[in-house]
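**Q** Next up is a structure, given as structure tokens.
Coordinate-derived values only; no laboratory data. None of the values given here were measured: they were computed from a predicted structure. Neighbour counts are summed over all protein chains in view; Cβ atoms, including those assigned to glycine, are modelled from backbone coordinates with ideal geometry.
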Protein chains: 4
Amino acid sequence: MMLLVRQIVAPAVMALAATTAIAQDKPEWATSKWGDDDQIGAANLMTPERVLDAVGLVTDGKVYSLGMIVGADTPAFPPRTLSVTVLQPNQVSNSGLGSNKFTYNDDIFMGWLGIGPQIDGLGHAGIDHVYYRGLTDADFAKASGLTELGLEKLPGLVGRGVLIDMAKFYGVDMVEEGTAYTADDIKAAAEQQGVELREGDVVLFNSNWMDLLDGADPDPLRFGSAEPGVGVSGAEYLAEIGVMAVGADTWGMEVVPAEEEGVAFRAHQIFQPQNGIYILENLDTRALADDGVHEFLFVLGQARIKGAVQMIINPIAIR
Amino acid sequence: MMLLVRQIVAPAVMALAATTAIAQDKPEWATSKWGDDDQIGAANLMTPERVLDAVGLVTDGKVYSLGMIVGADTPAFPPRTLSVTVLQPNQVSNSGLGSNKFTYNDDIFMGWLGIGPQIDGLGHAGIDHVYYRGLTDADFAKASGLTELGLEKLPGLVGRGVLIDMAKFYGVDMVEEGTAYTADDIKAAAEQQGVELREGDVVLFNSNWMDLLDGADPDPLRFGSAEPGVGVSGAEYLAEIGVMAVGADTWGMEVVPAEEEGVAFRAHQIFQPQNGIYILENLDTRALADDGVHEFLFVLGQARIKGAVQMIINPIAIR
Amino acid sequence: MMLLVRQIVAPAVMALAATTAIAQDKPEWATSKWGDDDQIGAANLMTPERVLDAVGLVTDGKVYSLGMIVGADTPAFPPRTLSVTVLQPNQVSNSGLGSNKFTYNDDIFMGWLGIGPQIDGLGHAGIDHVYYRGLTDADFAKASGLTELGLEKLPGLVGRGVLIDMAKFYGVDMVEEGTAYTADDIKAAAEQQGVELREGDVVLFNSNWMDLLDGADPDPLRFGSAEPGVGVSGAEYLAEIGVMAVGADTWGMEVVPAEEEGVAFRAHQIFQPQNGIYILENLDTRALADDGVHEFLFVLGQARIKGAVQMIINPIAIR
Amino acid sequence: MMLLVRQIVAPAVMALAATTAIAQDKPEWATSKWGDDDQIGAANLMTPERVLDAVGLVTDGKVYSLGMIVGADTPAFPPRTLSVTVLQPNQVSNSGLGSNKFTYNDDIFMGWLGIGPQIDGLGHAGIDHVYYRGLTDADFAKASGLTELGLEKLPGLVGRGVLIDMAKFYGVDMVEEGTAYTADDIKAAAEQQGVELREGDVVLFNSNWMDLLDGADPDPLRFGSAEPGVGVSGAEYLAEIGVMAVGADTWGMEVVPAEEEGVAFRAHQIFQPQNGIYILENLDTRALADDGVHEFLFVLGQARIKGAVQMIINPIAIR
């Protein structure tokens, strides 16, 4: 009964919070095409027709697991960390539960959800504290969890996956950090690779950047210090097409350092607050690229944890 | 540099650990048909042929999100708990990063991975401290994570999903706790519902038990105290068929209390240590049942966290 | 080596943060009498002379443990929670380390440090994001820990403890919520109880409020909803005297609801940002009050965790 | 109300646990001189007379903070880790609570309690899963917290502190790893330093080992790999005297590697399960040693967290 109490400590004091919130005019860009109460943005594009079309891309039954393996040593944006602890609750000097001696391992996770392969929910990225639909932190980003745009609202992402192999396009083993995928580059690469970008797509970019983690000559420091990725014109182009999600094999999806000095994660802002598009990071796209796969069925079912902003994921590609 | 040190504190002492491990003969049941080094058990059944067949079941492009929403108030096996905290690192009295004012929400998870919709990896359930392939705790269940059978080894589960609606079979709105799905019941229900069980299937059972959480008359206490589910003969039958995974819309998948007094989670033991079959819990199968869907494409991509035993999941069904 | 990398991910991006911090004039009240670089505020008053005087108050050798017992069911300001998990790392099916069979229990804490008996470090309470010495959040309150005013800077608090028994003063078994200890009340109570307040004191107030947690008729909901405590004039009076710390047997030390409608934790602001005085909460002062002890040696050694704002404590009183 | 439910999930199953506990005869050494229900062992020696005597040792009013500063980079016994995160709940784009604009920093701790300066409660060290008073893991070491011997049972430790400076005794700047403090060494060092060891004392050993962390030439790797410390005869001698606690300026208090090959932490076993004596680790005793202080008032008030095994501490010495 005590646990319940925690929810009501100092209710009168807590109620004061809203009175001093800073009023902000809703910026023009903050109107969602999916309505004032929308919770899932571009996931509204996940229609049965598009899903059927994507299923139709499967030809071989080959499954690709796009989530890189993540652990305590995975480079992460500071101060993010994670740890997993395995334990055997109450079983240390006995044979477990019941006459059938049921023993079991359990595990505890302590850490941040934005590590390794991850989805950025629509509550992640903002412009000066204004988020998708013009929501401000005070509106929805409560310490106990997002009250809007939480990842529990998203059923998952199923659709046509498109892989654009930028390493192949640039003719390199691995794309260099600071290389911005411009609108022109993306168009040219898609054309080179015989694939068309469409509304509702999940577009993934391959750079072989993950070779820095597990390749012949690992350099995690370089991996984490910068990266190639989507540039501003590229982001605007993808938003114009109306894709559902954009992913990459880097920790931040977009080019770092940014094309313009002093700018940070501008593509995140174009995708999320301004267009309701999901971002997927640290996806291992190398097997798809190696197989020359450019279209596939993309299926992501992220854990639906109430109020969560991000989630560690493992999207499945099937071709 | 200090962080590195933590890994090597007292190496000489740590090295003593193995010398006192209790030797155990490998039980006869502990030989895996997939070999002595196998890490993924029945997921070996995930062949391109079976995946293609499963993809062929999609007729409408309708997507079902099977992961129930999970939060701090989700009933859990004690002492499991979880919490999510949303924060805005270093942004409280500024406009974030860069001239473009990049602000963002992040989140921290503290808790157990075996809460809500979950996959039990093959390192979860054992018989008197002996697990799949005859591994003992001392062999693989380290405090810092499983060294074998961790969920990072599993690429995901893709295959033919089969839903058996036990509520429909028994002719009730919700199946009562203590109801064991016997081999005969499962066969009869499958026949009634026109669906055949095959090797490599992901078999899900619907009981409408989740109505106790979000139905007209919620009773979470009853939800957590017991449950209907797979019985011993039912488990043996499914193992004989050679299914890949068994799931249900209850917290423990199998019948509680058990059919025989003093027995605990016997079906878990039949599936996991004895047959390498995955267990899926707390899946919301009601929408599939309501639509009368009995065959579908099942896609699960669980987060591949190194050393993890269980994982909160959201499998996707497509028909 | 990977762990090290985490510290340097995206250094160029992180460096952008400071450029957009909002400039703020340092308020007049924000000048500390202990200098511009001071880290410990009123703990500067902990001189050998005062310590010797406090030691001189010990007459009987009786020890009082002022830290209430704290657990997962302790009422807390939302969304604060805590949990403790006990485990036996790597010992489940063996006899531990070495030929001498060393086995051991360990424990994990997940949660907030501001629960139960606690010290509020000088980085805790602010006025519109301005803290002690005029520091703003951007200056020192980093997500990875306070860079100034962290509790690791404080060696501890040792001094003359004074107990003022407000229940006795008001002639009640337990002081009612909403009762503000005014300057006049505090003076009168001190006089009634024959104790003088002096610079450098640790002043504790007893209300018997904890009877709501463990008394004959527990009411944790009432405990957490409001409380008696220090009022604004009381806080100003104590600050004027120049006490080192103020503590109470309530979750928030000061009166809730506040004396003036729409005001929250004003005494916290008077003590911390404006005067560098420490706050101690949820101290069980009942045994001191029962024994009629009004002066004693007060010794607090809080764990010195780098960057921590608050800490769960157990101060010791000796008379 | 849901939170309550968590406590009762599967009660019938949980009740099965005890039935398969392995019966063990209580070893002869496991009889406590403080009775079959004792919870605090040698802390029973904390009598008013001894406390008064200890207070009488204070001559100068000088305060020593013995808890070393602990953070994410503090070397720890694997897999122990810790992190602190500072956040400003619900304040990111507003001015906090109330018309007085109350803003505040809070902090979250994720990690193990056995890091840095710590007290080992009597539930920490065992001999083949048997602990103080003959308790086995199954008796008291529940995953949700110790049901006996938890640190909430201990009011604190107050008594006569004795510092034995082993660096001075051996005539070295820093004592080498592997140096065992034998009974003879301890007697001789005490005699050299003019201090007598008595029943109920808190005995601390100084080796200057912490110079490896913050000295001119830091070597945290060496710090964590081994250490000087109490040897077996030394531990037996201290237990025979009947001290209340033994502490040191090393991570494990006792000599590593052990005097006898293949032995691990034998002094822990002599102190804790066999004699109910508390162990204190990672105490920074250098300032006491530098000042030539050998007797002092020792005051430890550890946080009283229900069910906790260990706790991060900051004992205060006053002379």
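**Q** Along region A:126-141, what does the Karplus equation 6.51 cos²θ - 1.76 cosθ + 1.60 (θ = phi - 60°) give for ³J(HN,Hα), rounded to whole Hz, x for Gly and Pro?
**A** Listing the rounded values in order: x, 10, 6, 6, 10, 10, 3, 6, x, 5, 9, 3, 4, 5, 9, 9 Hz.
**Q** Shifting gears a bit: Taking Cα pairs under 8 Å and at least six residues apart, what relative contact order does region D:215-275 come out at, in percent?
**A** Reported as a whole number, the value is 40 percent.
**Q** Based on DSSP H runs of at least 4 residues, each adding -39500 (n - 2.57), what is the mean residue ellipticity at 222 nm of chain A after dividing by all its residues, to the nearest 500 deg cm²/dmol?
**A** Computed ellipticity for chain A at 222 nm equals -5000 deg cm²/dmol.
**Q** Nm distances between the label at A:Glu176 and the same-position labels in the remaining copies, 7 Å along Cα→Cβ, shortest first?
**A** 5.4, 7.4, 7.7
**Q** Now for a separate question. Suppose a student asked you for the relative contact order of chain B, using Cα pairs under 8 Å spaced at least 6 residues apart; what percent would you report?
**A** After rounding, I find 28 percent.
**Q** Given the rotation relating D and B, tell me which residue in D puts its Cβ closest to the axis and the distance in Å.
**A** Measuring from each Cβ to the axis, the minimum is at D:Leu87, 2.
**Q** Quick one, what does Rg over Rh come out to for region D:164-319 if you take C-alpha atoms and the Kirkwood Rh?
**A** 0.94
**Q** Take each of the peptides C:214-222, C:187-195, A:149-157, average the number of other beta-carbon atoms within 10 Å over its residues, and list them starting from the highest.
**A** A:149-157, C:187-195, C:214-222
**Q** Same structure, new question: Using a Gaussian network model of chain D whose springs link C-alpha atoms within less than 10 Å, name the residue from D:Met46, D:Met253, D:Met244 with the highest mean-square fluctuation.
**A** Comparing D:Met46, D:Met253, D:Met244 in the GNM, the peak value goes to D:Met46.
**Q** While we're here: Could you point to the residue in C:Tyr181, C:Ala167, C:Val195 farthest towards the positive end of region C:166-221's charge dipole, with +1 and -1 charges on the Cβ of Lys/Arg and Asp/Glu respectively?
**A** Looking along the dipole axis, the top candidate is C:Val195.
**Q** Can you tell me how region B:44-134 classifies by the Cα gyration tensor, rounded, prolate or oblate, using a/c under 1.5 as the rounded cut?
**A** oblate
**Q** Rounded, prolate or oblate: which fits the protein assembly as shown when a ≥ b ≥ c are the square roots of the eigenvalues of the alpha-carbon gyration tensor, with rounded for a/c under 1.5 and prolate only if a/b beats b/c?
**A** Taking the square roots of the gyration eigenvalues as a ≥ b ≥ c, the protein assembly as shown is prolate.
**Q** Quick one: work out Rg over Rh on the C-alpha atoms of region C:251-319, Rh as Kirkwood radius.
**A** Reported Rg/Rh, Kirkwood definition of Rh: 1.02.
**Q** One decimal, nm, shortest first: give the distances between the label point of B:Ala188 and those of the same position in the other copies, each label point 7 Å from Cα along Cα→Cβ.
**A** 7.0, 8.1, 8.6
**Q** How much of the calculated P(r) for region A:211-261 lies past 14 Å, in percent of all Cα pairs?
**A** That tail contains 58 percent of the Cα-Cα pairs.
**Q** Can you compute log10 of I(q)/I(0) for region A:122-203 with the Debye formula, treating each Cα as one identical point scatterer, at q = 0.14, 0.15, 0.16, 0.19 Å⁻¹?
**A** -0.73, -0.79, -0.83, -0.90
**Q** Running Debye on region B:102-160 with equal point scatterers at the Cα sites and no solvent, what base-10 log of I(q)/I(0) appears at q = 0.20, 0.23, 0.27, 0.29 Å⁻¹?
**A** Computed log10 I(q)/I(0) values: -0.90, -1.06, -1.22, -1.28.
**Q** Here's a follow-up. State whether region D:185-270 is rounded, prolate or oblate according to the following rule on the C-alpha gyration tensor (a ≥ b ≥ c being the square roots of its eigenvalues): a/c under 1.5 gives rounded; otherwise a/b larger than b/c gives prolate, and the remaining case gives oblate.
**A** oblate
**Q** In addition: Express the relative contact order of region C:192-319 as a whole percentage, based on alpha carbon pairs under 8 Å and six or more residues apart in sequence.
**A** 24 percent
**Q** Report the antiparallel proportion of the DSSP beta bridges in chain C as a percent, rounded to a multiple of 5.
**A** That works out to approximately 65 percent antiparallel.
**Q** Grab chain B and count how many Lys pairs have their alpha-carbon atoms under 17 Å apart, sequence gap of 8 or more, or different chains.
**A** Within chain B, the lysine pair count is 4.
**Q** For C:266-277, what's the mean count of beta carbons from other chains sitting within 10 Å of each residue's beta carbon?
**A** Going residue by residue through C:266-277 and averaging, the value is 1.
**Q** Next question, about the same structure. Between C:Ala42, C:Ala226, C:Ala143, where does the largest GNM mean-square fluctuation fall for chain C, given springs only between Cα atoms within less than 10 Å?
**A** C:Ala143
**Q** Every other copy gets compared here: list the nm distances from the B:Gly35 label point (7 Å along Cα to Cβ) to its counterparts, shortest first, one decimal.
**A** Counterpart label points of B:Gly35 in the remaining copies fall at 5.3, 6.4, 6.9 nm.
**Q** Next question, about the same structure. Provide the percentage of antiparallel DSSP beta bridges, counting only those with both residues in region A:62-217; round to the nearest 5.
**A** 70 percent
**Q** Compute, for the protein assembly as shown, the length of the dipole vector about the Cα centre, with Cβ point charges of +1 (Lys, Arg) and -1 (Asp, Glu) only. Units Debye, rounded to 20.
**A** The dipole magnitude comes to about 0 debye.
**Q** If eta is 1.002 mPa s and T is 20 °C, what Stokes-Einstein diffusion coefficient results for chain D, Kirkwood Rh from Cα pairs, in µm²/s?
**A** The estimated diffusion coefficient comes to 102 µm²/s.
**Q** Which percent of Cα-Cα pairs in region A:111-253 sits in each 10 Å bin, short to long?
**A** Binned Cα distances yield the sequence 11, 35, 34, 18, 3.
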